[in-house]
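In what follows, a structure is listed as C-alpha cells, so that the remarks can point back to it.
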Amino acid sequence: MSVLKDVSLEIDPGQLVGIYGSRGSGKTTLLRIAAGFERPTHGRVLFQGADLAALEADRLAQIHRERIAFAERDAPHIQDLSAIDYVAIPLYGRMSPGAARRRAATSLTQLGVGDCRDRVWDEISDSGRVLIALAHALVREPELLVIDDLTACLGALDRDYVMSLLRSSAENDGIGVLMTTPDTPEILQVDARLLTRGHLITPGNDNVVDLSTRLA
C-alpha cells in the first residue's frame, strides 16, 4: 500500500513550506524521503540536481553533514551529552574540536539558549530542547532544513518565537525550510500544503498535484 501517491514538491531557497494533515497521513514519511533518509518506490528526489535516492551512502552522508539538516523532537542518542557537545556533532571532521565547540556555542547563543550549553537533555525544558535541536541543525549552515513536528509540544508564545527564528533563517540566510505541523495557525505563516490520502494539495486549490516527487 502506498503512503504517498504522485507527490510533487519544489522548495526554493528562502522558502518556508509547512505540511499539515491528520495523524498517519504520511507527513513524516514525506519528510524522510525529502531529506534522503528513505527512498521512494517511484520517482526522484532532486537536491541541487542530484537524485538523493541514487547516491552512494558516503556521498549522501556528506550531504547530510553539510547541506541538508533534519531536526526532530527526539532526544539525542547519547543523552548524557551536554547541549554544546550535541550541537557540535555535525561539525566534527570538518574543523577542529575547539572550533566546533565555539561555533556550537555561538549557535546556541543566537537561538537564545546559550545558558543551556553545559546541561544534559534531562535538565532542559521542552522549549529549550526544541531550540537546541534547531541549533544542532542550523550550526552546519544547511541549504535545506527539514523539521518534523518540532513545535507540537510548545505553547503559543514559544511556538511563535520558534516560527520567527525559522522565518528569519529562510529570509536572511536563504535556507529552504520544509516542516510538518499539527497546528493550523502556524500554517497561516508559511506556504501551506495539505497531505491527505497520499496527495499534496495547496489550500484553496482543488487540483491535486500529480507529478513525480521533486525537490530543488
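Nothing in this text is a laboratory measurement; each read-out follows from the coordinates by a stated rule. Bear in mind the structure is a predicted one, so any value in this text is a computation, not a measurement. For neighbour counting, all protein chains shown are included, and Cβ atoms are generated from backbone atoms with ideal geometry for every residue, glycine included.
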May I ask what percent, to the nearest 5, of DSSP beta bridges between residues of segment 1-147 are antiparallel?
-> 40
Report, by chain and number, residues whose modeled amide H sits under 5 Å from the one on residue 125, excluding near sequence neighbours (fewer than 5 apart, same chain).
-> none
Note the listed values (1) 0.96; (2) 0.94; (3) 1.03, then indicate which one is Rg/Rh (Cα atoms, Kirkwood Rh) calculated from this particular structure.
-> (1)
Dipole magnitude of the chain about its Cα centre, charges +1 at Lys/Arg Cβ and -1 at Asp/Glu Cβ only, in debye to the nearest 20?
-> 360
Would you mind telling me which residue in 175, 147, 63 has the biggest mean-square fluctuation in a Gaussian network model of the chain, where springs connect alpha carbons within a distance under 10 angstrom?
-> 63
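Compute, for segment 77-141, the length of the dipole vector about the Cα centre, with Cβ point charges of +1 (Lys, Arg) and -1 (Asp, Glu) only. Units Debye, rounded to 20.
Details: 8 positive and 8 negative charges, 77 e Å.
Using only the charged Cβ atoms, the result is roughly 360 debye.
Once you sort the root eigenvalues of the Cα gyration tensor of segment 105-150 as a ≥ b ≥ c, which label holds: rounded (a/c under 1.5), prolate (a/b larger than b/c) or oblate (the other case)?
In terms of gyration-tensor shape, oblate.
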Relative contact order (percent, whole number), the chain, Cα cutoff 8 Å, 6+ residue spacing | 41
Along the charge dipole of segment 97-137, which of 125, 136, 98 sits closest to the positive end, that is, farthest toward it, with unit charges on the beta carbon of Lys, Arg, Asp and Glu (+1, +1, -1, -1)?
-> 98
Springs between alpha-carbon atoms under 10 Å, Gaussian network over the chain: tell me which of 61, 170, 35 tops the mean-square fluctuations.
-> 61
Mean-position separation - Cα centroids, segment 1-60 and segment 118-172, in angstrom | 21
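With the cut-off at 1.5 for a/c, could you classify segment 1-57 from its C-alpha gyration tensor as rounded, prolate or oblate?
Details: a/c = 1.98, a/b = 1.18, b/c = 1.68.
Here segment 1-57 falls in the oblate category.
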Sort 157-163, 39-45 for me by packing, meaning the mean count of neighbouring Cβ atoms within 10 Å per residue, highest on top.
-> 157-163, 39-45
Among 33, 68, 84, which one moves the most in a GNM of the chain with springs linking Cα atoms closer than 10 Å?
-> 33
Based on DSSP H runs of at least 4 residues, each adding -39500 (n - 2.57), what is the mean residue ellipticity at 222 nm of the chain after dividing by all its residues, to the nearest 500 deg cm²/dmol?
-> -10000 deg cm²/dmol
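Once you order the gyration tensor axes a ≥ b ≥ c over the Cα atoms, which shape class does segment 77-141 get: rounded for a/c under 1.5, otherwise prolate or oblate by comparing a/b with b/c? Working shown, then result.
Details: a/c = 1.83, a/b = 1.44, b/c = 1.27.
Prolate, because a/c is 1.5 or more and a/b exceeds b/c.
Please compute the net charge surrounding residue 54, taking Lys and Arg as +1 and Asp and Glu as -1 over other residues with Cβ under 13 Å from its Cβ. Don't jump to the answer; show the numbers that get you there.
Details: positive: 39, 44, 59; negative: 51, 56.
Around residue 54, the charge tally is +1.
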Scalar couplings 3J(HN,Hα) for segment 58-63 by Karplus 6.51 cos²θ - 1.76 cosθ + 1.60 (θ = phi - 60°), nearest whole Hz, x for Gly and Pro, are 5, 5, 5, 4, 5, 4
